[in-house]
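Here is the structure we will look at, set down as structure tokens.
Each reported figure results from applying straightforward, stated rules to the coordinates on display, with no laboratory input. What you see is a predicted model; the values in this text were computed from it and never measured. Glycine gets a Cβ as well: all are built from the backbone with ideal geometry, and neighbour counts include every protein chain shown.
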Amino acid sequence: MAPAASKAKAKPGPPAADPIFEPLHFRNLTVKNRLFRSNISGRFDNYNGSGNPVRFNWEEKFAKGGIGTIITSFVPVSMEGRIVPNYAMIDRDERIPFWREMGKRIHQYDCKMIMQLSHSGRQRDITAFDTPNNLSPTDDPDAVHGLHANRLTTEQIAVLVDKFAQGARRAREAGLDGVETHSANGYLFTQFLSATINDRTDQYGGSLANRARFLLEVIRAIRAEVGDDFHVQSKISAVDNGNAIFPWEKKGTTIEDTLQVVKWLEDAGIDAIHVSMGNSFPHPQNPAGEFPVEEAEKIYNQMLPGGGIRALRNWLIFQTPPTRAVFKRVWERTCPPLDQVEGINLPYAQQIKQAASVPIICTGGFQTASVIRHAIEAGQCDGVSMARTLVANNDLPNLFAAGYDRAPKPCTYCNKCMLNTLVNPLGCYDERRYASREAMVEQIFSVYHPSDTWQPMSDTTKTTKGKTS
Ligand SMILES: Cc1cc2nc3c(=O)[nH]c(=O)nc-3n(C[C@H](O)[C@H](O)[C@H](O)COP(=O)(O)O)c2cc1C
Ligand code: SF4
């Protein structure tokens, strides 16, 4: 997506042994460079969770652009675990052919693919008509939209553990290169891990060991299902910073808690840790940047019908310039200045790296080769993952390889992509980065080309365990 890079801005080529382009050896997987496409969700697929070939086009953009590994967006393991409808899922065996085709297309570029196994818990943006009930360790409504939650029974927890394990098995059967649990950013695993959300009094609540039990059971169940030679990693929130928006809220998970959880994850057989932060999504520090309140005014109108008890409050906030300004100020109270977004999670990643023996991937604003190089050389992390910065410049790794320190038109961290993806196609919505509005629309629509003739084989594929949600 980057405009043709001007030679005048080009710097001399990268040094012979650039750490960015050194392979990274995990226990069960080797990747060609230290650049990972971080999970980024777009509503490219069908309402019922079957995959749509548009997603092939989307992911191929990054593979062509030189990224070593794509970590997929949120792939729900269960129908009620969708944040919004229209994400490709992995909740039944009929989904395997789609992901097999996906893997084949991505592997053509010597790029690996890791599937993010996910469940929203109570933190959903748009509930679906077929699954209006939200499952969570608590029955308190979620903090953002106020969607009601149904407290999970221990029997339901056991079913969910198995759904993650079956999701991992399916990813392996599809020929993908690994799986990641989405145990960050306020979704189901965070709801268990976070003392501020988890109010259970049984073996899944209370002490840190009890709050981590669900995640550890899932990792052990995945290992039992996929064996010891398949790559398994966890994306975790190093800290909750639960008081970032409302100062009277509790902070939640601390880095000390996380260091302990990481040790347990290693004992359970994890191969890598992907470091994020925050007990909600979005959060002023993830994805760090502006909160585009004018965009929110347009988008939130369409969110109202599926909203929870806080939907009207949110809608009102975005309706008038004064209330929008107040919200912006609240957001900016704990959001870093834009020139400090890049590498925001590196201090956490470094602490985790010092305590862990598995490789550490860090997310958060990365788009400058010298910053990434320094982070790897200084031992703060082993690789970085990039989401918005690659949406803005799909070919950023190739630009780095050609000697650019930054893309000519970097991501501005405006976060317009984040709000638009709720109702519009995912892409870069910062008009300032384009020659015209038409050019922006054309770029966003490019994901629909070529239109594909691939047909799902679901009608002919039998489920092996017959387990659907
Ligand atoms: C539109 C959008 C969708 C995202 N979807 C996911 C997701 O499905 N799973 C996830 O773990 N993180 C998700 N993220 C977070 C990113 O993976 C990434 O960790 C975060 O944006 C910081 O990286 P960046 O500064 O390179 O964007 C999303 C971020 C954005 C902006
Ligand atoms: S809309 Fe574009 S510039 Fe803004 S954060 Fe998203 S990718 Fe970056």
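For the stretch 284-431, relative contact order (Cα pairs under 8 Å, six or more residues apart, normalised by length) works out to 26 percent.
Taking every alpha-carbon pair under 8 Å whose residues sit at least 6 apart, the stretch 5-157 reaches a relative contact order of 19 percent. Counting only cysteine Cβ atoms and a cutoff under 4.7 Å, the chain contains unmatched residues CYS111, CYS335, CYS411, CYS414, CYS417, CYS428.
Charges were assigned to the Cβ only: +1 to each Lys and Arg, -1 to each Asp and Glu. The resulting dipole of the stretch 213-331 about its Cα centre is roughly 680 debye.
Note: relative contact order over the chain, using C-alpha pairs below 8 Å and six or more positions apart, is 20 percent. For the residue pairs LYS251/LYS298; LYS64/LYS235; LYS104/LYS163; LYS32/LYS61; LYS32/LYS104; LYS64/LYS104, the alpha carbons lie more than 20 Å apart in LYS251/LYS298; LYS64/LYS235; LYS104/LYS163.
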